[in-house]
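**Q** I have a structure here, written as structure tokens, and I will follow up with some questions on it.
The values are calculated or read from the model by the stated rules, or taken from the named source; none is laboratory data. From a predicted model like this one, the values you see are computed outputs, not experimental measurements. As a convention, Cβ positions derive from the backbone with ideal geometry for all residues, glycine included, and neighbour counts pool all protein chains shown. Note: areas computed on protein heavy atoms with side chains; ligands, DNA, RNA excluded. Shrake-Rupley method; radii C 1.70, N 1.55, O 1.52, S 1.80 Å.
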Amino acid sequence: MGNAIEVEGLVRDFGGTRAVDGVELRVPTGRVLGLLGPNGAGKTTVVRMLATLLTPTAGAARVGGFDVAREGTRVREIIGLTGQYASVDEKLTGRENLILIGRLLGLKRRDARARADELLADFDLREAGQRPAQTYSGGMRRRLDLAASLVGHPRILFLDEPSTGLDPRARRDLWDRVRQLQSDGTTVLLTTQYLEEADALADSIVVLDHGRVIAKGTAAELKARVDGRTLFLMVAHPEQAAMAAERVAAVTGSMPVVEGETISVPVSDPGLLPAVLRDLDTQNIEVAELGLRGASLDDVFLSLTGRSGASREQPQGAEDAA
């Protein structure tokens, strides 16, 4: 089967900032690789180098067997790219957008029209195809953007945080599209901050932080790195969250993560759950929900980086501007 993407020691500097620092990746043909990390981790910069939009400072990368630095034209012939934000022309109709891209790719007018109609049908946009893209909902625009990246029948598809801004239903629809593409033989590199997205779609996962690979493996392998379970609780009154977190830390001996009214902490002894509940009761802290769950990818990310993978940090360095 071989590898569709091979990356060795990839580096990218922006002035005095090293956005990508020696990244190595392997993506087998027909598989989905999830590239995880918070804003500023280097994900977008990696994608832009693989898509030939940026030149690597050092290292090497081959996409579809072609060197991204020396054979950029050949790489662009076999890839599709969907960025973080829809890039369609809002004044054109959905059909006109797809026809335009087809013509830019060298398709004859008749073939471009036929391909546009095929994709509009595939992405449930046939009725909306005659309307300007500016009238589309967020989910419809993302579907159109993904359709646009497929006009040229790419063998390899880069999806850079494709579900940004989508509601849960639209995100699930997008996941179904990605699964269908993979079943048709397309290789996909997916960057995301939504850990459940990587869990649902990726055959393997690479975690980036500060431009470096800090972990790799399947979702199951990464979860196995986190011992024990996670105790989580939700307080009934938000103003009691800080006090509840202090009591949880005192009982478990570990500092919990607090997100609004929800508090979570890794535990190795399930017997701590009733102990926590008794302690909170003595402090008159009302609990709305309390339980134990197995390790999640978010727990993995927390153990690796010291912060939640759901974090929405401000971009660091030049990644998101590049």
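**Q** I'd like the full set of residues that are under 23 Å from Pro28 (Cβ atoms) and either crowded, with 16+ Cβ neighbours inside 10 Å or among the basic types (Lys, Arg) (or both), limited to the range 52-69.
**A** Thr52, Pro56, Gly59, Ala61, Arg62, Val63, Gly64, Phe66, Val68
**Q** Filter the range 66-106 for residues that are under 24 Å from Arg177 (Cα atoms), modelled with pLDDT of 95 or more and in a loop (DSSP other than H, G, I, E, B) and give the result.
**A** Leu92 - this is the single residue of the range 66-106 that is under 24 Å from Arg177 (Cα atoms), modelled with pLDDT of 95 or more and in a loop (DSSP other than H, G, I, E, B).
**Q** Then there's this: Quick check on the range 2-12. Is at least one of its residues of a type in the set (Lys, Arg), open to solvent by less than 60 Å² (accessible area, probe 1.4 Å) and in contact (Cβ under 8 Å) with a residue 40 or more places away in the chain?
**A** First, pick out the residues of the range 2-12 that are of a type in the set (Lys, Arg): 12.
If we keep only those that are open to solvent by less than 60 Å² (accessible area, probe 1.4 Å) too, we end up with 12.
Among the residues that remain, those that are also in contact (Cβ under 8 Å) with a residue 40 or more places away in the chain are: 12.
Checking the range 2-12: at least one residue is of a type in the set (Lys, Arg), open to solvent by less than 60 Å² (accessible area, probe 1.4 Å) and in contact (Cβ under 8 Å) with a residue 40 or more places away in the chain.
**Q** Can you tell me how many residues within the range 236-267 are out of contact with any Lys or Arg (no Cβ under 8 Å at 6 or more places or on another chain) and either at positive phi or in contact (Cβ under 8 Å) with a residue 40 or more places away in the chain (or both)?
**A** Final tally of qualifying residues: 9.
**Q** Also: Give Ala112, Ala147, Ala116, Ala121 a once-over and let me know the one that is outside any loop (DSSP other than H, G, I, E, B) and surrounded by fewer than 15 Cβ atoms within 10 Å (Cβ to Cβ).
**A** Sole residue among the options that is outside any loop (DSSP other than H, G, I, E, B) and surrounded by fewer than 15 Cβ atoms within 10 Å (Cβ to Cβ): Ala121.
**Q** Another question, then. In the range 129-144, how many residues are touching a Leu at 6+ places or on another chain (Cβ under 8 Å), in a helix (DSSP H, G or I) and buried (at least 16 other Cβ atoms within 10 Å of the Cβ)?
**A** Within the range 129-144, the subset touching a Leu at 6+ places or on another chain (Cβ under 8 Å) is 129, 132-133, 136, 138-140, 142-144.
With the extra rule that they be in a helix (DSSP H, G or I), the set shrinks to 129, 133, 138-140, 142-144.
Then keep just the ones that are buried (at least 16 other Cβ atoms within 10 Å of the Cβ); that gives 129, 133, 139-140, 142-144.
Qualifying residue count, the range 129-144: 7.
**Q** Let me ask another. Name the pairs whose Cβ atoms lie under 6 Å apart, with the first residue in the range 108-119 and modelled with pLDDT of 95 or more, the second part of a helix (DSSP H, G or I) and open to solvent by 90 Å² or more (accessible area, probe 1.4 Å), and 6 or more positions between them or separate chains?
**A** Cβ pairs passing all conditions: Ala112/Arg103.
**Q** How many residues does the range 13-51 hold that are in a loop (DSSP other than H, G, I, E, B), surrounded by fewer than 24 Cβ atoms within 10 Å (Cβ to Cβ) and either modelled with pLDDT under 95 or not hydroxyl-bearing (Ser, Thr, Tyr) (or both)?
**A** Qualifying residue count, the range 13-51: 8.
**Q** Within the range 210-235, which residues are open to solvent by 20 Å² or more (accessible area, probe 1.4 Å), in a strand (DSSP E or B) and in contact (Cβ under 8 Å) with a residue 60 or more places away in the chain?
**A** Arg212, Val213, Ile214, Arg229, Phe232 - these are the residues of the range 210-235 that are open to solvent by 20 Å² or more (accessible area, probe 1.4 Å), in a strand (DSSP E or B) and in contact (Cβ under 8 Å) with a residue 60 or more places away in the chain.
**Q** Here is a check on your reading of the model: is Ser204 open to solvent by 10 Å² or more (accessible area, probe 1.4 Å), touching a strand residue (DSSP E or B) at 6+ places or on another chain (Cβ under 9 Å) and under 25 Å from Arg62 (Cα atoms)?
**A** On the way: open to solvent by 10 Å² or more (accessible area, probe 1.4 Å): yes; touching a strand residue (DSSP E or B) at 6+ places or on another chain (Cβ under 9 Å): yes; under 25 Å from Arg62 (Cα atoms): yes.
Yes.
**Q** Out of Leu195, Leu190, Leu181, Leu174, which single residue is touching a Ser or Thr at 6+ places or on another chain (Cβ under 6 Å) and of a type in the set (A, V, I, L, M)?
**A** On inspection, the qualifying residue turns out to be Leu174.
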